[in-house]
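Chemist: Below are the structure tokens for one structure; questions will follow.
The values are calculated or read from the model by the stated rules, or taken from the named source; none is laboratory data. From a predicted model like this one, the values you see are computed outputs, not experimental measurements. Don't worry about glycine lacking a Cβ; one is built from the backbone with ideal geometry, like all the others, and counts go over all protein chains shown.
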Amino acid sequence: MKNKYLHIITIGCQMNIYDSEQMAIRLKASGYKSVPFPEDAGLIIVNTCAIREKAEQKVFSLLGRLARLKKKKPELIIGVAGCVAQQEGRALLKRAPCLDLVFGTHAVSRLPAMIERIERQGGRMVETGMPDQKKLLEPDIQYDQNPNISKFVTIMQGCENFCTYCVVPYVRGREVSRKPESIIREIKKLLEFGVREVTLLGQNVNSYGNKEGFSSFPELLSSINQLKGLQRIRFTTSHPKDLSDDLINCFANLDKLCNHIHLPVQSGSNRILRRMHRKYTRENYLKKIDKLRKVCPDIAISTDLIAGFPGESESDFEDTLELMKQVEYDSIFAFKYSDRPNATAAGFNDKISDNEKLARLQRLLKLQEYFSGRKNSALTGSIQTVLVEGLSKKQDSGVQPDPNNNVQWTGRTATNKIVNFFHADDREFAGLSIADRIYAGKLVDVKIEKILLHSLQGQECRFKGGGTGYVA
Ligand code: SAM
Ligand code: SF4
């Protein structure tokens, strides 16, 4: 009998996480059950990322390991999905003889049919066309497992900004937005399954619906804000050039919208921003940051930065450090520039050496460490409202709580900081099973006691909504 166990390995961004979930839902309908270990699977799919060279290298070393597995188990079907599949197409079959299937970013809905054909006839397949994108955007919302408290919802695909360093428009195609009704339907379904927080995904959510003439992004947010049972809304990513006053005002007017924005600046130098084709200046960007802070004084702001873009001089780089000091970000994602196929900057001839890129990256991270540490330390002793996501990883792995039988929970603040915390007095619950004590999905107040490198630690004070209502 055919092994109908599925293992998906996801590399890359939130959109890939969303797409992998869609693959699992669709394959479930053809009898595939997800398993945690690749060794047990009859079908393995690697959902790939091509955004940086490093992510792509990871795919090839992983395929090397999977080839060894296939040697032991020749009937194993291996597929590669996502951006590397879209970029490389048929060439991937040549480079990785263990592969049975290569399918691109617009072929997820056809996955069950492709697998069925390989099962029936054998052979190898490539499916990397970009047909009628509008049709393919509709997700399958047959969620059947207990989804997490917080879920991603893709509201648009593709991008047409063509930043000169970026591969996305080539591998994800042109920008297409989903209909607002379809997004709302999906979120309502998620709420039925216990989801309490959604993060709306798009490469540039600020231009949502522009091409199609649907409602604007602020209007979409406002409709989602009215959904009963939803506690929190987040979104990513916002392109600074399209961040409108209407969207900024949403942070003041929509009670469920979390006070956090990810606003990638990439560089603090106007010369480099021009070469990147970002279409805003450092001054416009800073103006928008001011507006955001006026409307929502405690908003957390994070960003993406690229170190060593071609032609970046020491003085351009110092402009970036200076901008970081002006903004005082809560957190940053910083990357060494890498050439990507088709991206214009790959053809620029004033490349920065790898050593210099690395040195600049480390300088960015070091400076940010100072600001993150300072911002987080200021929270010591404060009370933060946390949306509980579940038991912290230690408990998830089945490890028993500490000698007092305290279990540690995990969740996030509205500003997107991870908080691990103990219940105010777990001994009160000592006779109950961990499952009985679960209050994932509830909002709780936590007193912050300790600041760690990537998270905060604290003690719960009280439930804020629903549940059994323990009050410290
Ligand atoms: N659409 C988003 C935007 O415009 O900010 C982000 C897209 S991309 C998935 C995430 C981040 O990867 C970018 O913000 C950029 O900092 C980084 N990135 C993209 N291409 C890169 C490259 N060639 N080298 C280094 N970093 C890159
Ligand atoms: Fe890439 Fe620029 Fe589009 Fe973001 S906005 S996905 S960085 S091209």
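Chemist: Quick check on the stretch 322-348: of everything there that is away from ligand 1 (no atom under 12 Å from the Cβ) and surrounded by fewer than 16 Cβ atoms within 10 Å (Cβ to Cβ), which residue is nearest to residue 358 (Cα to Cα)?
Modeler: Within the stretch 322-348, the match that is nearest to residue 358 (Cα to Cα) is 322.
Residues checked against (1) touching a residue at least 40 places away in the same chain (Cβ under 8 Å); (2) of a type in the set (Val, Ile, Thr); (3) away from ligand 2 (no atom under 16 Å from the Cβ):
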{"site": "26", "(1), (2), (3)": "yes, no, yes"}
{"site": "33", "(1), (2), (3)": "no, no, yes"}
{"site": "38", "(1), (2), (3)": "no, no, yes"}
{"site": "43", "(1), (2), (3)": "yes, no, yes"}
{"site": "49", "(1), (2), (3)": "no, no, no"}
{"site": "57", "(1), (2), (3)": "no, no, yes"}
{"site": "66", "(1), (2), (3)": "no, no, yes"}
{"site": "69", "(1), (2), (3)": "no, no, yes"}
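Chemist: May I pose another question? In this structure, does residue 254 turn out to be within 16 Å of ligand 2 (Cβ to nearest atom) and either basic (Lys, Arg) or modelled with pLDDT of 95 or more (or both)?
Modeler: Numbers: within 16 Å of ligand 2 (Cβ to nearest atom): no; either basic (Lys, Arg) or modelled with pLDDT of 95 or more (or both): yes.
It is false that residue 254 is within 16 Å of ligand 2 (Cβ to nearest atom) and either basic (Lys, Arg) or modelled with pLDDT of 95 or more (or both).
Chemist: Working carefully through the options 267, 302, find the one that is polar (S, T, N, Q), more than 21 Å from the chain's Cα centre (by Cα), within 16 Å of ligand 2 (Cβ to nearest atom) and at pLDDT 95 or above. Steps first, answer last, please.
Modeler: Details: 302 fails: more than 21 Å from the chain's Cα centre (by Cα).
None of the other options fit; the residue is 267.
Chemist: Select from the stretch 260-280 the residues that are over 18 Å from residue 204 (Cβ atoms) and touching a helix residue (DSSP H, G or I) at 6+ places or on another chain (Cβ under 7 Å) and list them in ascending order. Steps first, answer last, please.
Modeler: Initially, the stretch 260-280 is screened for residues over 18 Å from residue 204 (Cβ atoms), giving 268-272, 274-275.
Once the filter is applied, which keeps residues that are over 18 Å from residue 204 (Cβ atoms) and touching a helix residue (DSSP H, G or I) at 6+ places or on another chain (Cβ under 7 Å), the stretch 260-280 yields 268, 269, 270, 271, 272.
Chemist: Mind checking which residues of the stretch 208-243 are more than 28 Å from residue 411 (Cβ to Cβ) and more than 16 Å from ligand 2 (Cβ to nearest atom)?
Modeler: Across the stretch 208-243, the qualifying residues are 209, 212, 213, 214, 215, 216, 219.
Chemist: May I ask you to say which residue of 175, 219 is within 17 Å of residue 158 (Cβ to Cβ) and in contact with an Asp or Glu (Cβ under 9 Å, 6 or more places away or on another chain)?
Modeler: Going through 175, 219 in turn, the sole match is 175.
Chemist: Continuing with this model, one more query. Mind checking which helices (runs of 4 or more DSSP H) fall wholly inside the stretch 219-310 and carry at least 1 residues that are without any contact (Cβ under 8 Å) to a residue 24 or more places away in the chain and either surrounded by 19 or more Cβ atoms within 10 Å (Cβ to Cβ) or small (Gly, Ala, Ser) (or both)?
Modeler: Values: elements: 245-253, 270-276, 282-295.
In the stretch 219-310, the matching helices (runs of 4 or more DSSP H) lie at 270-276.
Chemist: Find the residue count for the stretch 439-459, including only residues that are assigned to a loop (DSSP other than H, G, I, E, B) and charged (D, E, K, R).
Modeler: Total satisfying the criteria: 1.
Chemist: Still on this model: Could you please let me know if residue 181 is touching a strand residue (DSSP E or B) at 6+ places or on another chain (Cβ under 6 Å), surrounded by fewer than 19 Cβ atoms within 10 Å (Cβ to Cβ) and either free of Cβ contacts under 8 Å to residues at least 40 places away in the same chain or among the small types (Gly, Ala, Ser) (or both)?
Modeler: The answer is no for residue 181.
Chemist: Might you let me know whether the stretch 275-286 holds any residue that is under 22 Å from the mean Cα position of the chain (by Cα) and either of a type in the set (Asp, Glu) or within 15 Å of ligand 1 (Cβ to nearest atom) (or both)?
Modeler: yes
Chemist: With loosely packed, with under 12 Cβ neighbours inside 10 Å, of a type outside the set (A, V, I, L, M, F, W, C) and at pLDDT 70 or above as the only criterion, which of 374, 360, 427 stands out?
Modeler: Going through 374, 360, 427 in turn, just one is loosely packed, with under 12 Cβ neighbours inside 10 Å, of a type outside the set (A, V, I, L, M, F, W, C) and at pLDDT 70 or above: 374.
Chemist: Further, regarding this structure: Say we look at the stretch 187-207 and pick out the residues that are within 18 Å of the chain's Cα centre (by Cα), of a type outside the set (A, V, I, L, M, F, W, C) and farther than 23 Å from residue 344 by Cα; which of these is farthest from ligand 2 (Cβ to nearest atom)?
Modeler: Pass one, the stretch 187-207, residues within 18 Å of the chain's Cα centre (by Cα): 187, 190, 195-206.
Cutting the leftovers down to of a type outside the set (A, V, I, L, M, F, W, C) gives us 196-197, 199, 202-204, 206.
Subset that is farther than 23 Å from residue 344 by Cα: 196-197, 199, 206.
On the way: 196: 28, 197: 24, 199: 17, 206: 10 Å.
Out of the qualifying residues, it is 196.
Chemist: Take the residues in the stretch 163-183 that are within 11 Å of ligand 1 (Cβ to nearest atom) and either part of a loop (DSSP other than H, G, I, E, B) or among the charged types (D, E, K, R) (or both), then tell me which one is nearest to the chain's Cα centre (by Cα).
Modeler: By that ranking, first place goes to 172.
For (1) assigned to a helix (DSSP H, G or I); (2) surrounded by 17 or more Cβ atoms within 10 Å (Cβ to Cβ), each residue gets a yes or a no:
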{"site": "7", "(1), (2)": "no, yes"}
{"site": "16", "(1), (2)": "yes, yes"}
{"site": "20", "(1), (2)": "yes, yes"}
{"site": "23", "(1), (2)": "yes, yes"}
{"site": "26", "(1), (2)": "yes, yes"}
{"site": "44", "(1), (2)": "no, yes"}
{"site": "61", "(1), (2)": "yes, no"}
{"site": "65", "(1), (2)": "yes, no"}
{"site": "83", "(1), (2)": "yes, yes"}
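Chemist: Give the number of residues within the stretch 149-162 that are in contact (Cβ under 8 Å) with a residue 40 or more places away in the chain, in a loop (DSSP other than H, G, I, E, B) and touching a Lys or Arg at 6+ places or on another chain (Cβ under 9 Å).
Modeler: Count: 5.
Chemist: A further question follows. Residue 365: within 24 Å of the chain's Cα centre (by Cα), assigned to a helix (DSSP H, G or I) and not small (Gly, Ala, Ser), yes or no?
Modeler: Numbers: within 24 Å of the chain's Cα centre (by Cα): yes; assigned to a helix (DSSP H, G or I): yes; not small (Gly, Ala, Ser): yes.
Here the answer is yes, as residue 365 does meet what is asked.
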